Amino acid sequence: MPLESAISTVLAGEALPLACTHMQNDAFAGFYERSARPLWAYLARVSGDPALADDLLQESYIRFLGADTPDDGEVAARRYLFRIATNLLRDHWRRPRQRSIEEMHEELFAAADPSAQSDTRAMLGPVLQAMRPRERQLLWLAYAEGYSHKEIAVITGLASASIRLLLFRARHKAAGLLRQQDFPRQQDVSERSSR
Amino acid sequence: MRFRACPHDAEVKDVLHRGHWPHSCAPEIRAHVEGCKACRDLVLVTQAFRSERAAASAMARIESPGVLWWRAQLRRRNAALEKIARPMLGAQVFAAAVMLIAATLFLATQVKQSFGQNSSWFSWLLSWVGELPRTFHMEVLLPVSMQNSGIAAWLVLAAIGGAVLLSGVLVYRFSDER
């Protein structure tokens, strides 16, 4: 937007065109309805902190609306949104100490109060807590969201070649933990109780 | 642990993605999964994460999209205002710098011209201050008894100081209100 028109628009108190020009207010409302819950689930489960997920969800959408988002459909827009959320999570983890995400202790990533997770009926809670943050991210994006290795590379900023190996290891670890918890039977019980 | 990709990995993923597992998929795929550890892991982890996604999505506390739209607008407007204000601040700093340089140059030339006639800094300053009311023809505002004394000069200096102080306060109040 040229500076001259920005000045007149701001001084007149009119609505500024958002950078996400292809998506108008109504279209955004629809996109938001479809994508907000999965995004919140991703943020809450990967961070282990529902309150943080609330904050990062809002910030993700605000940045999404202010950014030059890809204009090639909802799938690309959604991927871009997950990328913003992933960057925000990484920034949050880096904020307390200027260290790499891999070097940080597990306690920093977990919610302060473990009971905050128990009320969520999270079957995966103990498994996710035993995983490293990067592993949680990769597993969620691959198996909960169904993204391909290439898409995960775009979202996380990791090399596409390393995703395959990292994901294989994480999956092996998660499967072992799930078997220890007798996961399929636990799932049956929870489904029966919800009926 | 050895990394070994199963050749049926993509097929199993596709069946899971379409929701055909376990009842609507081909029996040979089911038989393969029974005997393949990597594919068993894939099925187990995918099912666990899918059900967790469904459970967590139901718990999300979602705000109205209008609020987010409005917040994005507000942030963009603030950014635009900041962008507008930046060149103005630059111009103000430039004007202040030019003023300062001009004042320094003026003072330097005054000192150079007058320093030869007076022996010290203090005496030069006193004589310069004494000349001030006459320069601006301000002695006419004072009583006759005070016109030739040094008090007039100090009164002028105090008035200038007061004006500077007052303008500083006014500028601060004005910028604070904005």
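The values are calculated or read from the model by the stated rules, or taken from the named source; none is laboratory data. Remember, it's a predicted structure, so these values are computed and weren't measured experimentally. In this analysis, Cβ positions are derived from the backbone assuming ideal geometry, glycine residues included, and neighbour counts consider all displayed protein chains. These accessible areas exclude ligands, DNA and RNA; they are computed on the full protein's heavy atoms, side chains included. Shrake-Rupley method; radii C 1.70, N 1.55, O 1.52, S 1.80 Å.
This table checks each residue for (1) part of a helix (DSSP H, G or I); (2) modelled with pLDDT under 90.
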| position | (1), (2) |
| --- | --- |
| B:THR46 | yes, no |
| B:ARG76 | yes, yes |
| B:MET88 | yes, yes |
| B:ALA103 | yes, yes |
| B:PHE106 | yes, yes |
| B:LYS112 | yes, yes |
| B:SER119 | no, yes |
| B:VAL129 | yes, yes |
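If the condition is being among the aliphatic types (A, V, I, L, M), in contact (Cβ under 8 Å) with a residue 24 or more places away in the chain and open to solvent by 10 Å² or more (accessible area, probe 1.4 Å), then the stretch A:129-171 contributes A:ALA130, A:ALA142, A:VAL154, A:LEU166. Here B:HIS8 clears all of (1) open to solvent by 70 Å² or more (accessible area, probe 1.4 Å); (2) within 12 Å of another protein chain (Cβ to nearest Cβ) except the condition numbered (2). Filtering the stretch B:31-59 to residues that are acidic (Asp, Glu) and either surrounded by fewer than 17 Cβ atoms within 10 Å (Cβ to Cβ) or under 13 Å from B:PRO7 (Cα atoms) (or both) leaves only B:GLU34. If you go through the stretch B:70-117 and pick out every residue that is within 14 Å of chain A (Cβ to nearest Cβ), surrounded by 12 or more Cβ atoms within 10 Å (Cβ to Cβ) and not aliphatic (A, V, I, L, M), you end up with 7. Residue pairs whose Cβ atoms lie under 8 Å apart, separated by 6 or more positions or on different chains, with the first residue in the stretch B:46-71 and under 11 Å from A:TRP40 (Cβ atoms) and the second open to solvent by 60 Å² or more (accessible area, probe 1.4 Å) and modelled with pLDDT under 90, do not occur. Answer with yes or no whether A:THR86 is hydroxyl-bearing (Ser, Thr, Tyr) and modelled with pLDDT of 90 or more. In short, yes. Would you check if A:ARG169 is within 8 Å of another protein chain (Cβ to nearest Cβ), assigned to a helix (DSSP H, G or I) and modelled with pLDDT under 90? Taking the combined requirement at face value, the residue does not satisfy it. Given the criteria facing chain A (nearest Cβ under 8 Å), under 30 Å from A:ALA51 (Cα atoms) and among the hydrophobic types (A, V, I, L, M, F, W, C), does B:ILE62 qualify? It is true that B:ILE62 is facing chain A (nearest Cβ under 8 Å), under 30 Å from A:ALA51 (Cα atoms) and among the hydrophobic types (A, V, I, L, M, F, W, C).
When the stretch B:39-59 is filtered for residues that are facing another protein chain (nearest Cβ under 7 Å) and among the β-branched types (Val, Ile, Thr), the ones remaining, listed by number, are B:VAL45, B:THR46. Of the residues making up the stretch B:45-88, those that are out of contact with any helix residue (DSSP H, G or I) (no Cβ under 9 Å at 6 or more places or on another chain) and of a type in the set (Asp, Glu) number 1. Selection of the stretch A:60-74 for residues being open to solvent by 40 Å² or more (accessible area, probe 1.4 Å) and modelled with pLDDT of 90 or more yields only A:ARG63. Within the set A:ARG63, A:ARG78, the sole residue that is in contact with a helix residue (DSSP H, G or I) (Cβ under 6 Å, 6 or more places away or on another chain), more than 8 Å from chain B (Cβ to nearest Cβ) and closer than 17 Å to A:TYR147 by Cβ turns out to be A:ARG78.
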